[in-house]
1. For the pair Arg49 and Thr27, how long in nm is the line joining their label points, each one 7 Å along Cα→Cβ?
2. At a Förster distance of 35 Å, what's the computed FRET efficiency of Thr60 paired with Arg95, Cβ-Cβ distance as r, to 0.05?
3. Which whole-number percent is the relative contact order of the stretch 35-110 (Cα, under 8 Å, 6+ apart)?
4. What are the residues whose amide H is under 5 Å from the amide H of Ile89, where those residues sit 5 or more places off or on another chain and H is modelled from the backbone?
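Derivation of every value follows stated rules applied to the coordinates shown; laboratory data play no part. Predicted model only: the values in this text are computed from it and were never measured. We place every Cβ from the backbone using ideal geometry, glycine too, and count neighbours over all the protein chains shown.
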Amino acid sequence: MFHRRFIALALAAVAVASVSTGALAETQWQKDHPRRTEVNHRLANQDRRIHNEVKTGQITRAQAAGLHHEDHQIRREEHAMASQDGSHITRTEQRALNQQENAVSQQIGK
């Protein structure tokens, strides 16, 4: 009985430790490019939101395609900006990309 409890507690501790360290872990790329990481995380989140709205019937596939197209253009612009500055984007460029993402975000969920 004691042995089973000990094993169960040990497994629970390992599971909690792996989840908490996994959530905190950053890749080297994320550390080196925090502005790009933030922009790309927002784009990925918007992609999930668009898919969810299609799934729930809140928007049509055609509307989703238009929103995905706008997000794709933002991603291409982010890539073009980064290619001109050693894979980095400036704070001003990030602000401009965030404004574009905000415009698309407002269209999601209308």
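1. My value for the distance between the label points is 2.4 nm.
2. Numbers: r = 32 Å, r/R0 = 0.90.
My answer for the efficiency is 0.65.
3. Working: 49 pairs, mean separation 34.7, N = 76.
46 percent.
4. Arg36
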